[in-house]
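The values are calculated or read from the model by the stated rules, or taken from the named source; none is laboratory data. Just so you know, these numbers come straight off a predicted model, no measurement behind them. Every residue, glycine among them, receives a Cβ derived from its backbone with ideal geometry; neighbour counts consider all protein chains shown. The protein model used for the area step is the full one, side chains on, heavy atoms only, and it has no ligands, DNA or RNA in it. Shrake-Rupley method; radii C 1.70, N 1.55, O 1.52, S 1.80 Å.
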Amino acid sequence: MVPIDPAANPVVLVIDDDDDVRATYELWLDDDWETYTAEDGQAALSILSPAVDVVVLDRMMPGLSGRDVLDAMRGREADPRVVMVTAVTPEPDIVDMPFDAYLSKPVDREELNRTVGTLLDRDKQDDQLREYYRLVEKRATLEAENPADVLAEDERYQQLTNRITELEGELNDDLADLDQDEFVALLDDVV
């Protein structure tokens, strides 16, 4: 197993017990992202690191199933987005499974790349929203406890206000491009 390069960004880890499927997904994804593969859940968990941005996970594998891998990922430092890929018809048990997207096999190249891209965009937007909320909270705290004339002269407060304005512009641009389902998913991630 090749260790995942933490400098590579973004990183996709494909986990599937079928050699042909794994090789195909790697070929499809490798043009746009740094792609690594694992032939089973145990191998995947041994190389999973915070450098992994998205996991493409087969649900039905011998040994550790996709669900087992998801359960084992909880509480780890790594917190990637997860695309569950399966030939299994989805049943209500998926409600309890912590994945971000569910694709039914057979998956085509465009669908897989679009899904991974969407999850990477959502991760970026999550970070922006979290930063925005943190900064707005700091600004509100400062404004509640300090006179406006004192804050107006403080360079750090001005930098804070400028960054909030920048983030508002970026978020408005990003949110305008989301459809309703993506918007709801983004808010669910942040809350």
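Suppose R0 equals 30 Å. What FRET efficiency, 1/(1 + (r/R0)^6) with r the Cβ-Cβ distance, do residue 149 and residue 176 give to the nearest 0.05?
Values: r = 36 Å, r/R0 = 1.21.
Plugging the Cβ-Cβ distance into 1/(1 + (r/R0)^6) gives 0.25.
Here each label is just a point 7 Å from Cα along the line to Cβ, and for residue 78 and residue 114 those points are 2.8 nm apart.
The charge dipole of the chain, taken about the Cα centre with unit charges on the Cβ atoms of Lys, Arg (+1) and Asp, Glu (-1), comes to about 440 debye, rounded to the nearest 20.
Here's how it looks for residue 154: its modeled amide H is under 5 Å from none belonging to a residue 5 or more places away or on a different chain. Take residue 46 and residue 156, extend 7 Å from each Cα along the Cα→Cβ direction, and tell me the distance between the two endpoints in nm. Spacing of the two 7 Å Cα→Cβ label points: 4.8 nm.
Across every pair of different alpha-carbon atoms, what Kirkwood hydrodynamic radius in Å does the chain reach?
On the way: mean 1/r = 0.0539 Å⁻¹.
Computed over Cα pairs of the chain, the Kirkwood hydrodynamic radius comes out at 18.6 Å.
Ranked by the mean number of other Cβ atoms within 10 Å per residue, highest first, peptides 94-100, 77-83, 52-58 order as 52-58, 77-83, 94-100. Looking at the chain, the accessible area is 57 square angstrom per residue; that uses a 1.4 Å probe and ignores ligands, DNA and RNA. In this structure, residue 95 and residue 135 have a Cβ-Cβ separation that, at R0 = 30 Å, corresponds to a calculated FRET efficiency of about 0.30.
Site pair residue 142 and residue 102 shows an inter-label distance of 4.5 nm when each label is modelled 7 Å from Cα along Cα→Cβ.
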